[in-house]
Amino acid sequence: MRKSIKILSVPFAAMLVLAGCGGENDEVKNPPVQENENQAETNPETRTDNNEKVPFTFKDFQLEVDYVGTDNEYEAEYDTMGAQTEASIEDKSNKHEVHGDEAMKELTPILDKLTFTKDSTDEQVIQEVTSVFDLKDAYEEFDLEVVFDDGTKKEYKVNNK
């Protein structure tokens with residue numbers, strides 16, 4: 001009996017160690033809040049939003065831009081999932097990588113400048129994002145996925161390969 005407990009405890013302990021070390025942590029501890037009269041109310045019992053409000057016109061923003069060369073890629077991610085927010089920036093050409101609160105601190109003023117809506121044309125969105133993020137126009141591939149605050153999901157792609 002004791003031998004079987006020992007045998008089972010080794011894989012369990014290894015699983016706990018691996019779970020604790022898995023990848024970068026993109027979770028934002030102090031997400032930006034929308035400051036207006038319609039601020040979301042939090043239910044203290046469940047700690048969830050009664051009416052989800054996001055500080056931008058979108059709740060998910062995933063940008064990936066590839067340039068010529070192997071380490072010439074820019075990625076920015078902002079994602080709200082209920083009460084949890086994740087953010088990351090990976091700028092391989094400048095060897096700059098941040099996650100969580102640090103990424104959110106860098107992304108907030110950039111995302112605040114974006115004015116496009118779900119009704120904007122693809123060209124308008126791509127032009128605005130490349131301008132606001134100060135990205136070079138000579139990209140091979142531009143891929144942006146956005147989920148707007150009303151749940152509408154749109155994808156904007158350019159492939160110059």
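Numbers for the structure displayed
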{"item": "Heavy atoms of Thr152: accessible area, 1.4 Å probe, square angstrom to 10", "result": "50 Å²"}
{"item": "Anisotropy class of the stretch 58-139 from Cα gyration tensor, a/c 1.5 cut", "result": "oblate"}
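The values are calculated or read from the model by the stated rules, or taken from the named source; none is laboratory data. What you see is a predicted model, and the numbers here were worked out from it, not measured in a lab. Just the protein is used for accessible areas: all its heavy atoms, side chains included, with ligands, DNA and RNA removed. Shrake-Rupley method; radii C 1.70, N 1.55, O 1.52, S 1.80 Å.
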